[in-house]
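The values are calculated or read from the model by the stated rules, or taken from the named source; none is laboratory data. Treat the numbers as computed from the prediction; the structure is a model and nothing was measured. In this analysis, Cβ positions are derived from the backbone assuming ideal geometry, glycine residues included, and neighbour counts consider all displayed protein chains. All accessible areas refer to the heavy atoms of the entire protein, side chains included, with ligands and DNA or RNA removed. Shrake-Rupley method; radii C 1.70, N 1.55, O 1.52, S 1.80 Å.
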Amino acid sequence: MEIKDLLAVAIKEAAQKAIDNGVLKPGVLPEVMLEVPPQKEFGDFATNFAMQGARALHCAPRMIAQAVCNNLDCAYIEKTEIAGPGFINFYLKKNWLADQLAGILAAGENYGQLPPNDLGKVQVEYVSANPTGPLHVGHARGAAVGSAMVNLLKAAGYDVTSEYYINDAGNQMNNLAASVNARYLQLLKLEEQGVELPENLTCQMLDEEMNTGIVFPEKGYHGYDIVETAQRIIRNYGKQFLELDEKTRLEKFLELAYKEKLAGLKEDLEAFNVTFDVWFSEKTLHQAGEIHKACEYLQEKGYIYEKDGALWFNSTAQGDDKDRVVIRDNGIPTYYAADIAYHRNKFERFKYVINLWGADHHGYIARVKAAINALGVNPENLEVMLLQMVRLYRNGEIVKLSKRTGETITLRELMDEVGTDAARYFFCMRSLDSQLDFDMTLACEKSNENPVYYIQYAHARICSIMRQLAEAGISEAAAADLKLEALVEAEEQELIKKMGEYPEMLALAAKERAVHRVATYTYELAGMFHSFYNKCRILGVDADVQQARIALVKAVGHVIRHALGILGVSAPERM
């Protein structure tokens, strides 16, 4: 049991003992909240338990505090002090740190893994970008935060599944096929004319300057990746698709482009340390008739009515600002209808659902919650987290466009420039509901100013220490032989205290869905380790101190690796 848990139990037992002895009147005891005081002179921990319990126990806070102090029974407490209106400050014996470090060492690489909870199955759906082009930096933030959140929830004992919703039905797929078709025809026309394509070829040049006579579709995708897809089709198949009628050719291009784009998404995400337990295809909802089944269910419940030949969901009755069309007058379901069916499917598989969406989806939350409420699901079981926009900076200047294509910077380009580790850490180090200014120049620096480098260097330094000890023929003492109470330097004790906070930090971060807490904690722990390293020698000191410091260094390595693993960042052994 962690020291804070031990203290919390001791405080409640002390209060109950005071009640049993007639010192305090009976009443419902509040939960014990313990905090680390901002200044060391106020003790190791403090609680406002007495003030929280004053009303229920019908007693002045300082009298409750005194009764608790008089009845405390905890082997780790050196002394207590009542402060202000009723705060209790706890000063602990030095042996508690030794025991805490021993517990961390015993847990080893599993330290930080919390026991399973009984909250039920949880799904986290994130990224879910249309398979019509490469992922850009906005998707990248969602990918980093989403995958880190899944890792965090798993570490905190949640039964969690990650899922990518593939929007592979509807007009966006038809627009993809039409876009590839236009580029295919343009490129073949230029080849027929003997035009040699310039190295700096752009989409604008194809549409406006090269006079192919092929009009690009109004709702087509203008990304240069579409040109590359058409070029690959020409390399692999030549002109053979010109022999097909347009409908058949579009069907073929849809098949080829979809397969390529989806494979590209998966490849980029895997390189970004992002994997999904489930890839859910929207097409399967259409093929299984799930969309019409969901609408029929809502109609039976009285939530859908007919107007102007279309079917409308009465979402205003569920708190939305207006009613929504679910089946158009031509019988084709809307995207909203597909989303209703998908969420119905989700809640058949999971108790809780977490969606990570871009900030531009803010207005969509109310209508989705309206739908699941009508489906008989508690809307509180759906959490929608909005990711704010990302601004990239290079050398102090805002970066908006790719150097290569003149278009939006892709995830792949970002990884190529700053690396996967730096990109993931920078995306995770700020709260997802705040705008992120991403300094690409800083992310590339190999200096202590770069937070991910600073953390990774701490881990590499730990590995270097262990190699040096091995080269010097110094082996680690058995756990039973360690004299961990020899760690009396302030830097050593602060490191142990910080590591002791790790499980509680993870539990809180998981509860708040706040992966940035993990990033901040890891940076602070790395800083404390660097301070320890600069102050405390390991080689050439007393044997007991040396072995205790080796154990301390080893424990810090465990925690840094575990935390970086949650963030999806590597822990290098050499730098």
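S315 is checked against (1) touching a helix residue (DSSP H, G or I) at 6+ places or on another chain (Cβ under 7 Å); (2) open to solvent by 60 Å² or more (accessible area, probe 1.4 Å) and fails just one. What number does that condition carry?
Among (1) touching a helix residue (DSSP H, G or I) at 6+ places or on another chain (Cβ under 7 Å); (2) open to solvent by 60 Å² or more (accessible area, probe 1.4 Å), S315 violates only (2).
Among the residues of segment 523-560, write down those that are under 28 Å from M149 (Cα atoms), of a type outside the set (A, V, I, L, M) and surrounded by 20 or more Cβ atoms within 10 Å (Cβ to Cβ).
The answer is F529, G557, H558.
Might you check whether a residue that is open to solvent by 30 Å² or more (accessible area, probe 1.4 Å), free of Cβ contacts under 8 Å to residues at least 40 places away in the same chain, of a type in the set (S, T, N, Q) and over 15 Å from A140 (Cα atoms) occurs anywhere in segment 436-447?
Taking every residue of segment 436-447 in turn, at least one turns out to be open to solvent by 30 Å² or more (accessible area, probe 1.4 Å), free of Cβ contacts under 8 Å to residues at least 40 places away in the same chain, of a type in the set (S, T, N, Q) and over 15 Å from A140 (Cα atoms).
Taking segment 221-242 as the search range and keeping residues that are in a loop (DSSP other than H, G, I, E, B) and either free of Cβ contacts under 8 Å to residues at least 12 places away in the same chain or not charged (D, E, K, R) (or both), which one is most open to solvent (accessible area, probe 1.4 Å)?
H222
Can we say Y393 is under 28 Å from I560 (Cβ atoms), open to solvent by 20 Å² or more (accessible area, probe 1.4 Å), among the hydroxyl-bearing types (S, T, Y) and outside any loop (DSSP other than H, G, I, E, B)?
yes
Considering only segment 311-353, state which residues are within 19 Å of G376 (Cβ to Cβ) and basic (K, R).
R324, R344, K346, R349, K351
Is it the case that F272 is within 28 Å of the chain's Cα centre (by Cα), closer than 14 Å to R344 by Cβ and in contact (Cβ under 8 Å) with a residue 24 or more places away in the chain?
Spelling it out, it is not the case that F272 is within 28 Å of the chain's Cα centre (by Cα), closer than 14 Å to R344 by Cβ and in contact (Cβ under 8 Å) with a residue 24 or more places away in the chain.
Picking from G309, G363, which residue would you name as being over 25 Å from A129 (Cβ atoms) and either under 22 Å from the mean Cα position of the chain (by Cα) or exposed (fewer than 13 other Cβ atoms within 10 Å of the Cβ) (or both)?
Being over 25 Å from A129 (Cβ atoms) and either under 22 Å from the mean Cα position of the chain (by Cα) or exposed (fewer than 13 other Cβ atoms within 10 Å of the Cβ) (or both) holds for just one of G309, G363, which is G309.
Give segment 126-147 a look and list any residue that's modelled with pLDDT of 95 or more, out of contact with any helix residue (DSSP H, G or I) (no Cβ under 7 Å at 6 or more places or on another chain) and either open to solvent by less than 10 Å² (accessible area, probe 1.4 Å) or assigned to a helix (DSSP H, G or I) (or both), or say none.
Correct list: G142, G146, S147.
If you go through segment 449-473, how many residues are under 21 Å from F427 (Cα atoms) and either in a loop (DSSP other than H, G, I, E, B) or among the hydroxyl-bearing types (S, T, Y) (or both)?
So the answer is 5.
Pick from segment 501-535 the residues that are assigned to a helix (DSSP H, G or I) and of a type in the set (D, E): which of them is nearest to A555 (Cα to Cα)?
For segment 501-535, the residue satisfying everything is E524.
State whether the residues of segment 397-408 include one that is in contact (Cβ under 8 Å) with a residue 12 or more places away in the chain and part of a strand (DSSP E or B).
yes
Filter segment 316-337 down to residues that are of a type in the set (G, A, S) and not in a loop (DSSP other than H, G, I, E, B) and give me whichever is nearest to T284 (Cα to Cα).
Taking the candidates together, the pick is A337.
For segment 148-167, give me each residue that is open to solvent by 10 Å² or more (accessible area, probe 1.4 Å) and part of a helix (DSSP H, G or I).
Listed by number, the residues that qualify are N151, K154.
Output the residues belonging to segment 328-357 that are open to solvent by 20 Å² or more (accessible area, probe 1.4 Å) and either among the aliphatic types (A, V, I, L, M) or more than 25 Å from Y126 (Cβ to Cβ) (or both).
Scanning segment 328-357 gives R328, D329, N330, G331, I332.
Restricting to segment 318-327, and then to whatever is modelled with pLDDT of 95 or more and either open to solvent by 60 Å² or more (accessible area, probe 1.4 Å) or more than 33 Å from the chain's Cα centre (by Cα) (or both), can you tell me which residue is farthest from A370 (Cα to Cα)?
Per the criteria, the residue is I327.
What residue, among those in segment 186-205 that are open to solvent by 40 Å² or more (accessible area, probe 1.4 Å) and of a type in the set (A, V, I, L, M), is nearest to the chain's Cα centre (by Cα)?
Of everything passing the filter in segment 186-205, L197 is nearest to the chain's Cα centre (by Cα).
Can you find, within segment 257-287, the residue that is least open to solvent (accessible area, probe 1.4 Å) among those that are hydroxyl-bearing (S, T, Y) and in a helix (DSSP H, G or I)?
So the residue we want is Y258.
Give the residue that is farthest from E348 (Cα to Cα), with candidates limited to residues of segment 372-386 that are assigned to a strand (DSSP E or B) and out of contact with any helix residue (DSSP H, G or I) (no Cβ under 8 Å at 6 or more places or on another chain).
M385
A65: without any contact (Cβ under 8 Å) to a residue 24 or more places away in the chain and more than 30 Å from N151 (Cβ to Cβ), yes or no?
Considered against the rule, which asks whether it is without any contact (Cβ under 8 Å) to a residue 24 or more places away in the chain and more than 30 Å from N151 (Cβ to Cβ), A65 comes out as yes.
Across segment 213-247, what is the number of residues that are farther than 28 Å from I409 by Cα and more than 42 Å from the chain's Cα centre (by Cα)?
Counting residues in segment 213-247 that are farther than 28 Å from I409 by Cα and more than 42 Å from the chain's Cα centre (by Cα) gives 11.
Give me the pairs: first residue in segment 531-553 and without any contact (Cβ under 8 Å) to a residue 40 or more places away in the chain, second residue surrounded by fewer than 16 Cβ atoms within 10 Å (Cβ to Cβ) and hydroxyl-bearing (S, T, Y), beta-carbon distance under 6 Å, and six or more apart or on different chains, which are they?
Partner pairs satisfying both residue conditions: none exist.
Looking at E413, E492, can you tell me which residue is open to solvent by less than 40 Å² (accessible area, probe 1.4 Å) and of a type in the set (D, E)?
The unique qualifying residue is E492.
Return the residue satisfying two criteria in turn: it lies in segment 96-119 and is open to solvent by 70 Å² or more (accessible area, probe 1.4 Å) and assigned to a helix (DSSP H, G or I), and of such residues it is nearest to L382 (Cα to Cα).
Per the criteria, the residue is N110.
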